[in-house]
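The values are calculated or read from the model by the stated rules, or taken from the named source; none is laboratory data. All values derive from a computational prediction rather than experimental measurement. Positions of Cβ are generated from backbone atoms using ideal geometry, with glycine treated the same way; all protein chains shown enter the neighbour counts.
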Amino acid sequence: MSIRDSDVQRVREATDLVALIGRRVSLKRVGSRHVGLCPFHTEKTPSFSVDPAKGFYHCFGCKASGDAITFLRETEHLDFADAVEQLAAAANITLTYDAPGTQRANQRRKELLDLLERAARFYHEGLMNDPDAGAARAYLRRRGYGRDTVVKWRLGYAPPLWDELGRHLDAPLGQLAAAGLAYSDPASDFFRDRIMFPISDASGRVVSFAGRLLPRPDESAPKGPKYKNTAGTVVYDKSKVLYGLHLAKQPARKADRVVVCEGYTDVIGCDLAGIPEAVATCGTALTQQHAELLSRSAKRIVLAFDADAAGQTAAERVHQWEREYGLDIYVASLPAGSDPGDLAGSNPPALLRALSEAAPLRVFRAGRILQRADLGSPGGRDRAADEVAEVFAVYPPEVLLEADLLPAAQGIPMDAEKFRERVDAARRRLEQRPVRAVPDPYGDVPPPPDLSESYFDSLDGDVPPDWSFEDAPMTTPARRERKALSRPAPSPEQLLDGDLDLLAAALVPQGDTADLMVPELFATSPGRAAFERLQSAGDDGRSAGSTAGSRQDPDPVAEMLAKARDRAASLDVPSAHDLATTAMQRYVSELRRQIGDGGSIPGVPVDSTMSNTERSKLREDWLRWLLACRERLSDLSIRVAVADEIATRLRSACVEQSPASAQTDSVPAVPAESAD
């Protein structure tokens, strides 16, 4: 956000740097300065110095330095604007913003955060005191969650009545829907009769919720999906939030590691087992933003994902950020059929042992290659040796240990020295390989513009006012894409069959395929309606096949879901990802053509005050981003994460343009649907 420089300076001058840092570091005055142990690295002799007169701190050990804003950003994992706003609130300073609409967008964010905090208190007090929450309290006790655990994690209970939260908060329906707390049509609470897990950002502000279905022994079938999660809002982006990070970041610095799980109860179970440095992704794959967040707390990352195929595949994907953020990533081997939460409750020593014995990511990836390789033939062994050698080749020779290479060589099997020679040869090929140029003449590709920031401040007037899709760079992939777009349109039967394939992929019980999809991917009205039913109703969509055939007047959407469910039985997680990412490639291509031809941009409302130059800049930056997305979707190692990024952006656009939020001037929301 574009906060005026004069206000930023006022915040710096009004902040007591010694008091701010003193909340985390024990400082001792020495002359005109204060010294203490550095909060950014482990040390026994104080080398951290604070100069209140100059408003700066500096560590002579790790070289960390900065002012009050920098310190708050680094310790609380905040962006610049959030840090300034927190310090301004503490100093009772009212900020002003330069960018049009930013003041209103910022005010809306504050209102939504306040609403979410009030909802968290309502749910928590209900769990603690409401007689109707007796079953929820009993369930949590059976899980081993005592009062202290419930209070620490602010667990709650959503009552079963359809509008009890809305009546308690007494807020406009549009605002409740924008916060992810209510449906706008029909008007009702989003969460009902569920155990509530508030999800906080890195500074501890509640930004969303996950609600677990309360098991009822008197019900033959559950009334809804096991976990239901807040949809995307302007304050919540699941790709940038890690559950429990606000509580784990300090223990992580002390332990010099972060344990990354998949579920909320996994994190709480780890905490109960004496592992307070655990966090969880909110129902999505680990993203680049997550990796950056984690790198601020510790460089050693231990992935404790479920011991199923989906969890192991997710662990394999993260190697792309290991070198970029200087991370040492390890993978814990959990007993078959278990997850960290279950193991923490049944056998805490086994969980602690699995984490302490976690294998380096390179060893884990090599093992996965050997598991699926054809080691019974000479050709299969040779191919496996090359694949494993390429995994190790990205690491410098001094990093690789015999303990890394020997198990791989034995698994092929191959002489250890010959295998090391093959790794060295792969490294030489890697060093000689030309760097693949990004197919974009403009250089680094930015993300789609965020209109809450001073997006247009850098305009120099040189943006071509009539830039179109036809002006897009004609690289070889772009030519293939243009050729594909010129082919005859598919028939209605082909469109319907494609919709059925996508619905089947969304119904695969494991993996996160459904998160990669948005209604725009479904070409026919029945397909879109069926997917929207899956999104909004969960259990209605998944059980539709069992009821459609019994009606005299069958529901075509329910019949479509029933057919898709039959197809899903023959799909595995990789096949589902293939379908989703291929569909996303087609949609991105079509969206590029639409925007280039002057069509609407998702999530960007028509603004009569926007100049032609500003419109052209928006269109050009979107086309740049879409071109980069199209290329990255072709990379098998990151395509699922890229598809998730695109789907998140498209879902946010739909949320922002919904009737409930049409009266606001805020930026596109970024949604999230997760499952423990």
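Taking the criterion of being of a type in the set (D, E, K, R) and under 18 Å from residue 216 (Cα atoms), the residues of the stretch 154-202 that qualify are 192, 193, 194. If you take the residues of the stretch 344-373 that are free of Cβ contacts under 8 Å to residues at least 40 places away in the same chain and farther than 25 Å from residue 268 by Cα, which of them is surrounded by the most Cβ atoms within 10 Å (Cβ to Cβ)? Across the stretch 344-373, the extreme among qualifying residues is 369. Consider the stretch 130-156 and keep the residues that are of a type in the set (A, V, I, L, M, F, W, C) and in a helix (DSSP H, G or I). The one that is surrounded by the most Cβ atoms within 10 Å (Cβ to Cβ) is 136. Just one of the numbered conditions (1) surrounded by 15 or more Cβ atoms within 10 Å (Cβ to Cβ); (2) in contact (Cβ under 8 Å) with a residue 12 or more places away in the chain is not true of residue 73: (2).
Each residue in the stretch 164-204 was checked for being crowded, with 16+ Cβ neighbours inside 10 Å, assigned to a loop (DSSP other than H, G, I, E, B) and charged (D, E, K, R), and 3 pass.
Out of 79, 51, one residue alone is in contact with a Phe, Trp or Tyr (Cβ under 9 Å, 6 or more places away or on another chain), charged (D, E, K, R) and surrounded by fewer than 19 Cβ atoms within 10 Å (Cβ to Cβ). It is 51. Restricting attention to the stretch 37-57, the residues being part of a loop (DSSP other than H, G, I, E, B), in contact with a strand residue (DSSP E or B) (Cβ under 6 Å, 6 or more places away or on another chain) and under 16 Å from residue 17 (Cβ atoms) number 1.
Filtered by the rule that a residue be touching a helix residue (DSSP H, G or I) at 6+ places or on another chain (Cβ under 9 Å) and part of a helix (DSSP H, G or I), the stretch 373-387 gives 384, 385, 386, 387. Within the stretch 156-205, the only residue that satisfies the criterion of being of a type in the set (Val, Ile, Thr) and over 20 Å from residue 132 (Cβ atoms) is 199. Right, residue 208: in contact with a strand residue (DSSP E or B) (Cβ under 6 Å, 6 or more places away or on another chain), outside the structural domain of residue 75 (by TED's automatic domain parsing) and in a strand (DSSP E or B) or not? When the stated conditions are applied, residue 208 passes them. Within the option set 393, 344, 385, 350, being assigned by TED's automatic domain parsing to the domain that holds residue 420, modelled with pLDDT of 85 or more and among the small types (Gly, Ala, Ser) holds for one residue only, 385. Considering only residues in the stretch 374-410 that are buried (at least 19 other Cβ atoms within 10 Å of the Cβ) and of a type in the set (Gly, Ala, Ser), the one that is nearest to residue 333 (Cα to Cα) turns out to be 408. Look at the stretch 388-413: where a residue is outside any loop (DSSP other than H, G, I, E, B) and a partner is at pLDDT below 80, sitting 6+ places away or on another chain with Cβ atoms under 7 Å, you get 392/400; 393/430.
The one condition from (1) within 22 Å of residue 246 (Cβ to Cβ); (2) among the β-branched types (Val, Ile, Thr); (3) assigned to a loop (DSSP other than H, G, I, E, B) that residue 93 does not meet is (1).
Of the residues 232, 174, 211, the single one that is among the small types (Gly, Ala, Ser) and touching a Pro at 6+ places or on another chain (Cβ under 6 Å) is 232. Of everything in the stretch 259-284 that is among the small types (Gly, Ala, Ser) and more than 13 Å from residue 351 (Cα to Cα), the residue that is surrounded by the fewest Cβ atoms within 10 Å (Cβ to Cβ) is 283.
Looking only at the stretch 394-420, which residues are out of contact with any Asp or Glu (no Cβ under 8 Å at 6 or more places or on another chain) and among the aliphatic types (A, V, I, L, M)? 394, 399, 400, 401, 403, 405, 406, 408, 412, 414, listed by residue number.
Determine, yes or no, whether residue 294 is among the hydrophobic types (A, V, I, L, M, F, W, C), touching a His at 6+ places or on another chain (Cβ under 8 Å) and in contact (Cβ under 8 Å) with a residue 24 or more places away in the chain. Judged against the criteria, residue 294 is not a match.
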